[in-house]
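The values are calculated or read from the model by the stated rules, or taken from the named source; none is laboratory data. Note that the structure is predicted; figures quoted are calculated from it, not measured. When we count neighbours, we look across all protein chains shown, and the Cβ atoms used for this are built from the backbone with ideal geometry, even at glycine.
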Amino acid sequence: MAGPIPLGLLPDTTTVQDGRASIGGCDLVDLADQFGTPLFVYDEDHLRSRCREAVAAFGDGVAYAGKAFLCTAMAKLAHEEGMHIDVSTGGELYMALHAGVPADRLVMHGNNKSTVELEMAVNAGVRTIVVDSFDEMDRLDALHSDTGSVPRVMLRITPGVHAHTHEFISTGQDDSKFGFTVSTGLATAAVERAIATDSVELVGLHFHIGSQVFEVGAFTRAVEVMTDVAGRYGLPELSVGGGLGVAYVEGESAPSITEWASGIRAVCDAAGISASVSAEPGRAIVAAAAVTLYRVGTIKELPGLRTYVAVDGGMSDNPRPVLYGSGYETFLPRATTAERSQVIRLVGKHCESGDLLVREGFVPDGMAVGDVVATPVTGAYGHSMGSNYNQVLRPAVVFVSEGEARVVVARETFEDLVRRES
């Protein structure tokens, strides 16, 4: 038994009239009828508000972490609102450039950048390449020999801070595939090599301790470690990466972007850091901006056990519950303010017993086949991590604002599934 869905988990412009939920002035059930399901619905005003908050909190150098959710429309929006964009593959770099984002507003990441990806970044003129390994330094040396290019770089440092999050998205501990580890001396060796070489211009250091981190103190500890590394070199830039957590279910709370920035700046000031401090929020920009709409296809009641509700999507459009055991809420957009007295397990249509979207969800009594059911806070790592498992078609993405809905990513067709085959 649960009360109505907490409105604080829904996008900023959510309104409810006669029990029916609208976002951006668009009724959610009507959107499902118009565009089909599954459907990602993003509140454009919410996205813009969080981008503006990030720029106000961190300044011009703040970058949107494209891996959280990237399409042409999102890249354009983040750029319009004054953010740089963090891309981590050649594909993300291509998409950002395709969206018209100037290369000097891009930051290139990745723990195993290929020579092709580095060439793309250097030739395009990206603002900064975040170097992750000595092998990458070798590749940049070779590019310099061939082209004479001297890209601006930061070094990704592993500070040895274990964030309290799922082990698959914890990246700041010593035992990590990412970066140059402080405790082993690799960080110092990397800095000294980068300073000595003519192949790159070292402008700063970068760290990232993990994703879905609620504790600002974890960032504080990492900054303290970085101060010891950076202090002796006087580098002009420091990036604290991203990873700020968001509330997914009732009872959770997380710092705002502004609160996160204030905490980081306080410790930087206390440590006497004079470098320009930037960050790369992703989830905190987009997660709560979206809901996913599904259509109920099957209700299977097992007396004494549970009620399974199967919808027309699943792990192909939100793999986080399967990968990380992530929790989500459920609600019926036609009855948003109703008590959610029925306990369900929301599952998908894939050939896996583990294909679940919400392990323990709550909906009002009277849910029926054909109903639209929604999961909130699905704006991050749903669309971007989606797949075609079982050859299921990937959903459409719509942006809504001021009563208008526009498709920014079209729903796949069956023809799309074979378009690249020969």
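What to note about this one:
- Of the set (1) buried (at least 23 other Cβ atoms within 10 Å of the Cβ); (2) at pLDDT below 95, all apply to THR375 but (2).
- One residue alone among VAL246, VAL200 is in contact with a helix residue (DSSP H, G or I) (Cβ under 8 Å, 6 or more places away or on another chain) and more than 21 Å from VAL286 (Cβ to Cβ), and that residue is VAL200.
- Verdict on VAL116 being out of contact with any Cys (no Cβ under 7 Å at 6 or more places or on another chain) and either at pLDDT below 95 or assigned to a helix (DSSP H, G or I) (or both): yes
- Beta carbons closer than 8 Å, at least 6 apart along the sequence or on distinct chains, pair a first residue in region 102-119 that is within 18 Å of LEU205 (Cα to Cα) with a second that is of a type in the set (Phe, Trp, Tyr) for ASN111/PHE178.
- Of the residues making up region 1-34, just one is in contact with a Leu (Cβ under 6 Å, 6 or more places away or on another chain) and under 22 Å from THR307 (Cβ atoms), namely ALA32.
- Condition check for LEU97: outside the structural domain of MET226 (by TED's automatic domain parsing) and either at negative phi or among the acidic types (Asp, Glu) (or both): no
- Single unsatisfied condition, ASP355 versus (1) of a type in the set (Asp, Glu); (2) at pLDDT below 95; (3) surrounded by 17 or more Cβ atoms within 10 Å (Cβ to Cβ): (2)
- Summed over region 173-207, the residues that are closer than 18 Å to LYS67 by Cα and at pLDDT below 85 give a count of 2.
- Any chance ASP60 is assigned to a loop (DSSP other than H, G, I, E, B), charged (D, E, K, R) and more than 16 Å from the chain's Cα centre (by Cα): yes
Per-residue answers, yes or no, for (1) over 19 Å from VAL62 (Cβ atoms); (2) free of Cβ contacts under 8 Å to residues at least 60 places away in the same chain; (3) not charged (D, E, K, R):
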position	(1), (2), (3)
LEU202	yes, yes, yes
HIS206	no, no, yes
PHE219	no, yes, yes
VAL249	yes, no, yes
PRO255	no, yes, yes
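- Residue check for GLY82: out of contact with any strand residue (DSSP E or B) (no Cβ under 9 Å at 6 or more places or on another chain) and at pLDDT 95 or above: yes
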